[in-house]
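Undergrad: Here you go, one structure.
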Amino acid sequence: MIAAFHQCDVFTDRLFGGNPLAVVPAADGLDTATMQAFAREMNCSESAFVLPPRDPRAAFRVRIFTPGRELPFAGHPTIGTAFTLHRLGMLDANAFSFEMEAGLIPVRREGNRFWLTPPVPTLGDALGEPAALARALGIDAAAVSERARIVGSFLCVRLRSLEALANVDPDRAALRGILDRRIADGNLLPFFFDSGRAWVRMFADIAEGIGEDPATGSAVAPMLHALAASGALALQMQGVEIEQGRWIDRRSTLHARLSWTGSDISSIEVGGDCVHAFSSEIAL
């Protein structure tokens, strides 16, 4: 079987920026093991495989694989797959849904930018003493502004400065000494937030085989809910711009729109631009 695939850079308007994504637009002939092997071969943070939908409300079914395993949902594959299918003429609608393992993911197109509505993340308890967590992240004890919080699949850690964020160098063994192993080996999301702008780094779950991720659309809602829970996010704030990837030379820009019901966030949209990088094919 010869499978065509297309690679794009997501959450950027410039080639060689953002987060690379490989998309296989006609993947219905591939089994799970082949999808996983392809993702490992491409070695992008994720690869996306487009299939006919099982749910009639969806435009397509999309399966997402890191080099290490399948994910139920991820942000940059959602945006990049929508962009690729529009570019190929396979998807004309400006509002549609993808069927993913996490459920239906609504997507909208506005000009050259695509917006997704992520699943609502579960807000966990605050945990870990800030000073001990700072040491495990390789930064000064005073650099962590408050206790970390698990939101969705991310350990969200708000830092006091951009300098502290630049210096983060996680020691997983030290993290295991202060946190449950599942948390210590999972997704780490240190960030700095100031007046409607956020700077983010994401050190992926060890099992995913990624390392530091250039742009993480699925981390936006967890970060914003963590900020709201700590009182750091101004009530009724309508938009936040997020920069990621600066320290691994893959600058990315993610956009967030927020809706509120009283003092609670009622919905979030995550948006970004994409650039086509190349098209090719692989014999499977």
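Undergrad: Can you spot a residue in region 117-125 that is without any contact (Cβ under 8 Å) to a residue 24 or more places away in the chain and outside any loop (DSSP other than H, G, I, E, B)?
TA: As a first pass, look at region 117-125 and keep what is without any contact (Cβ under 8 Å) to a residue 24 or more places away in the chain: none.
No, region 117-125 contains no residue that is without any contact (Cβ under 8 Å) to a residue 24 or more places away in the chain and outside any loop (DSSP other than H, G, I, E, B).
Undergrad: Suppose we keep only residues that are charged (D, E, K, R) and out of contact with any Phe, Trp or Tyr (no Cβ under 6 Å at 6 or more places or on another chain) within region 255-271. Which one would you say is nearest to Ala226 (Cα to Cα)?
TA: Checking each candidate, the answer is Asp264.
Undergrad: Being surrounded by 23 or more Cβ atoms within 10 Å (Cβ to Cβ) and in contact (Cβ under 8 Å) with a residue 60 or more places away in the chain, is that true of even one residue in region 191-200?
TA: Scanning region 191-200, I find no residue that is surrounded by 23 or more Cβ atoms within 10 Å (Cβ to Cβ) and in contact (Cβ under 8 Å) with a residue 60 or more places away in the chain, so the answer is no.
Undergrad: Please enumerate the residues belonging to region 192-239 that are hydroxyl-bearing (Ser, Thr, Tyr) and either over 22 Å from Phe11 (Cα atoms) or more than 15 Å from the chain's Cα centre (by Cα) (or both).
TA: To start, the set of residues in region 192-239 that are hydroxyl-bearing (Ser, Thr, Tyr) comprises 195, 216, 218, 230.
Listed by number, the residues that qualify are Ser195, Ser230.
Undergrad: Residues in region 203-242 that are within 22 Å of Glu41 (Cα to Cα) and either crowded, with 17+ Cβ neighbours inside 10 Å or in contact with a Cys (Cβ under 7 Å, 6 or more places away or on another chain) (or both): how many?
TA: Of all residues in region 203-242, those within 22 Å of Glu41 (Cα to Cα) come to 203-216.
In the following step, the residues that additionally are either crowded, with 17+ Cβ neighbours inside 10 Å or in contact with a Cys (Cβ under 7 Å, 6 or more places away or on another chain) (or both) were identified as 203-205, 208, 210, 212-216.
Matching residues across region 203-242 total 10.
Undergrad: What are the residues in region 169-190 that are of a type in the set (A, V, I, L, M, F, W, C), touching a residue at least 12 places away in the same chain (Cβ under 8 Å) and over 22 Å from Ser218 (Cα atoms), if any?
TA: The initial filter retains those residues of region 169-190 that are of a type in the set (A, V, I, L, M, F, W, C), namely 173-175, 178-179, 183-184, 188-189.
Now restrict to residues that are touching a residue at least 12 places away in the same chain (Cβ under 8 Å): 174-175, 178-179, 183-184, 188-189.
Within region 169-190, Ala174, Leu175, Ile178, Leu179 meet the criteria.
Undergrad: Of Pro77, Pro56, Pro52, Pro72, which residue is modelled with pLDDT of 95 or more and crowded, with 16+ Cβ neighbours inside 10 Å? Even if it seems obvious, please write down each step before you answer.
TA: Values: Pro56 fails: crowded, with 16+ Cβ neighbours inside 10 Å; Pro52 fails: crowded, with 16+ Cβ neighbours inside 10 Å; Pro72 fails: crowded, with 16+ Cβ neighbours inside 10 Å.
Only one candidate passes the filter, namely Pro77.
Undergrad: Within the set of pairs 6 or more residues apart or between chains, which connect a residue that is assigned by TED's automatic domain parsing to the domain that holds Gly89 inside region 1-30 to a residue that is charged (D, E, K, R) and part of a loop (DSSP other than H, G, I, E, B) with Cβ atoms less than 6 Å apart?
TA: Taking only residues 6 or more apart or on different chains, the pairs are Asp13/Asp273; Gly17/Arg251.
The values are calculated or read from the model by the stated rules, or taken from the named source; none is laboratory data. Because the structure is predicted, anything quoted here is derived from the model rather than measured. Counting neighbours? That spans all protein chains shown, and the Cβs are built from the backbone with ideal geometry, glycine included.
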